[in-house]
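Here's the structure, in structure tokens; my notes come after.
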Amino acid sequence: APLIVANDDTGSPVNSYEGGTSFTNVLFNDQLNGAPVIPAEVTTSFVSSTHPGISLSGTNVVVAAGTPVGNYELVYQICEVLNPANCDQATVTVPVTAATIIASDDNGSANGYTGGTAVSNVLVNDELNGDPVIPADVNLTIVTDPADGVTLNTANGEVTVDPGTPAGTYYITYQICEIVNPTNCD
């Protein structure tokens, strides 16, 4: 049987949040009998991957949206159509990167005598992957909250002022982190 060679590949980084194709056509550098593989002369199959979000679609390596940040591997196999036992395997390295996350400053006001809502939701001007944050995609936590009477509700992003709060400027520092990638924060 002619020699069949599947060569390792390195994919392009894929954004964890949206997913996508890391490597197009794993056959491009594979050989059959010393010549580039002709796709019709081989079968290509998925063998394994180090994360279920990394898969083979035809001859493309794809990353599912929501796959955590990391470097993964996918193993595929090619076999000669005329000699099905003539096979070789190769590994594709698949880098998955974090989406951009931006927590933007907010300004609000409320009457300290009567109290009320100073900011209805601190997340409205924040972004994940260039789009407005979807609250279910992030964890909202308080970093510093030195002020009595001014409170950030981490469940809904609302900043409230208690009745009887002295007039002044109060600062609360919050952080948003991507749930899929908990170290991707701002």
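Structure data summary
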item	result
Test: residue in the stretch 54-70 that is of a type outside the set (A, V, I, L, M) and over 24 Å from the mean Cα position of the chain (by Cα)	no
Verdict on residue 180 being part of a loop (DSSP other than H, G, I, E, B) and open to solvent by 50 Å² or more (accessible area, probe 1.4 Å)	yes
When residues of the stretch 108-137 are limited to those that are of a type outside the set (D, E, K, R) and in a strand (DSSP E or B), the one least open to solvent (accessible area, probe 1.4 Å)	128
Residue in the stretch 69-76 that is among the hydroxyl-bearing types (Ser, Thr, Tyr) and either modelled with pLDDT under 95 or closer than 30 Å to residue 129 by Cβ (or both) present	yes
Number of positions in the stretch 146-176 that are in contact with a strand residue (DSSP E or B) (Cβ under 8 Å, 6 or more places away or on another chain), in a loop (DSSP other than H, G, I, E, B) and open to solvent by less than 60 Å² (accessible area, probe 1.4 Å)	5
Some residue of the stretch 96-105 being closer than 30 Å to residue 36 by Cβ and within 28 Å of the chain's Cα centre (by Cα)	yes
Strands (runs of 3 or more DSSP E) wholly inside the stretch 8-107 that include at least 3 residues being of a type outside the set (Asp, Glu), in contact (Cβ under 8 Å) with a residue 12 or more places away in the chain and surrounded by 20 or more Cβ atoms within 10 Å (Cβ to Cβ)	60-63, 70-80, 87-97
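Residue-by-condition table, conditions (1) at pLDDT below 95; (2) under 23 Å from the mean Cα position of the chain (by Cα); (3) more than 16 Å from residue 60 (Cα to Cα); (4) among the hydrophobic types (A, V, I, L, M, F, W, C):
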residue: 9; (1), (2), (3), (4): no, yes, no, no
residue: 13; (1), (2), (3), (4): no, yes, no, no
residue: 24; (1), (2), (3), (4): no, yes, no, no
residue: 31; (1), (2), (3), (4): no, no, yes, no
residue: 39; (1), (2), (3), (4): no, no, no, no
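Here is a yes/no grid of residues against (1) under 21 Å from the mean Cα position of the chain (by Cα); (2) at pLDDT 95 or above:
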{"position": "114", "(1), (2)": "no, yes"}
{"position": "122", "(1), (2)": "no, yes"}
{"position": "131", "(1), (2)": "yes, yes"}
{"position": "139", "(1), (2)": "yes, yes"}
{"position": "142", "(1), (2)": "no, yes"}
{"position": "146", "(1), (2)": "no, no"}
{"position": "152", "(1), (2)": "no, yes"}
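The values are calculated or read from the model by the stated rules, or taken from the named source; none is laboratory data. Computed from a prediction, not measured in an experiment: that's the story for all the values here. Cβ: placed from backbone, ideal geometry, glycine included. Neighbour counts: every protein chain shown. Heavy atoms of the whole protein, side chains included, go into the accessibility calculation; ligands, DNA and RNA do not. Shrake-Rupley method; radii C 1.70, N 1.55, O 1.52, S 1.80 Å.
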